[in-house]
Amino acid sequence: MRNYFATVLTGLEQLLVEEINDKLIETQVIGTTRGKVFIRTNLNLDQLKTLKLADNLYQVITRFNVGIHRPDLQQLYDQIYQLNLKTFRGKGSFYVNASRKGQHTYSRFEAAQKAMEGIKRRYPHRKIGTANRHDVEFRLDIEDHQALFSLRLTDATYRFRQNQRSFTAASLLPTVAHAMVWLSKPKETDVFIDPCCGSGTILSERLSYPFTYVGGGDIDNKALAAAQKNLKNSFAEVTQWDARELKFADTSISKIVTNLPFGRQISFESETKEVNQAILTEIYRVLTHQGTAVILSEGWSKILQVAETLGFSLIENYNLSLKGLHPTIYVFKK
Ligand SMILES: C[S@@+](CC[C@H](N)C(=O)[O-])C[C@H]1O[C@@H](n2cnc3c(N)ncnc32)[C@H](O)[C@@H]1O
């Protein structure tokens, strides 16, 4: 069995634990810390990559003690030098990214530099790369006296689901879209819509699970063009519409997952809050009794009040820190 960890947006650790327990056989969750979930498993990387809530996957190489003062970096250098990095065969460059939490008298950059020097001494044929250009990436997480040294197994194509996706300025991260889909508890009988689908991230993520219908729309042509491109060879239907006046009958949609327009991102309409209120009212109308609405909203303080007035019950909510904003995911039941 090998030890790994997955990084995840802070606040979504428990959802990732659920996903791991649901999707990965014979895998033990051995702990969580802020933004990380640790597992022990025999599964291979392709199997681990079936996780859709994780940002990146790392293989744990070792844990060791570190001092908190600058002269202690020499000891860190020696410890890294001692490592037989079996997974680190072949040619190419490497890089170490470090994080640091605690009262150290050195910076994370100095720690990373020392670690790279240790590796270079042991493997002089490998080049030290740059932050943006390297073939192999290690990660050194230092917290007080503890260091965790790991090998990064995934690149950005994992969390962004390939390079060729079209994004718009307001596009949601696929991992966050997936968390929202996960919170809707996907079922084969779901009639699922995203009324403000933008580039279609939520719809794309929903397609990983069985469904009866997946569709969405957006008022904006550019967003819709991106969604059509992203969903081109899929079963998801995308249409231009105004989410305040959906063409669906009352109580006809079982799951609605959407990322409401954010005032700062969306400039076509100055009264975003009024628009959001009208959209939420329409979501309530089309949702089946006991239907679920998972809604990501930022900066709309009245959402809970409006939802309650409409008749929604709040089941749970998750506060996120995303691209400098602090949106919340709300899970409502009608
Ligand atoms: C925050 S973005 C959604 C981003 C999307 N989740 C993605 O990943 O691309 C909100 C979207 O709501 C759309 N929108 C705003 N008002 C709308 C309305 N009345 N009807 C439908 N869509 C609307 C905007 O054009 C924008 O694309």
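List of remarks:
- Pick from region 6-31, criterion of a type in the set (Val, Ile, Thr) and over 17 Å from ALA179 (Cα atoms), ranking: nearest to the chain's Cα centre (by Cα): VAL29
- The number of residues in region 274-302 being in a strand (DSSP E or B) and open to solvent by less than 80 Å² (accessible area, probe 1.4 Å) comes to 9.
- Any chance GLN305 is in a helix (DSSP H, G or I), more than 26 Å from GLU13 (Cα to Cα) and not aliphatic (A, V, I, L, M): yes
- Residues in region 303-316 that are in contact (Cβ under 8 Å) with a residue 12 or more places away in the chain and loosely packed, with under 15 Cβ neighbours inside 10 Å: GLY311, SER313, LEU314, ILE315, GLU316.
- Output for region 144-156, where each listed residue is among the charged types (D, E, K, R) and more than 18 Å from VAL8 (Cα to Cα): ASP144
- ARG133, sole failed condition from (1) open to solvent by 30 Å² or more (accessible area, probe 1.4 Å); (2) among the basic types (Lys, Arg); (3) within 12 Å of the ligand (Cβ to nearest atom): (3)
- Filter result for LEU57 (of a type in the set (A, V, I, L, M, F, W, C) and either under 21 Å from VAL8 (Cα atoms) or open to solvent by 10 Å² or more (accessible area, probe 1.4 Å) (or both)): yes
The values are calculated or read from the model by the stated rules, or taken from the named source; none is laboratory data. The shown structure was predicted, so the numbers you read here are calculated from the model rather than taken from an experiment. Cβ coordinates were reconstructed from backbone atoms using ideal geometry, including for glycine residues, and neighbour counts include every protein chain displayed. These area figures cover heavy atoms from the full protein model, side chains too; ligands, DNA and RNA do not enter into them. Shrake-Rupley method; radii C 1.70, N 1.55, O 1.52, S 1.80 Å.
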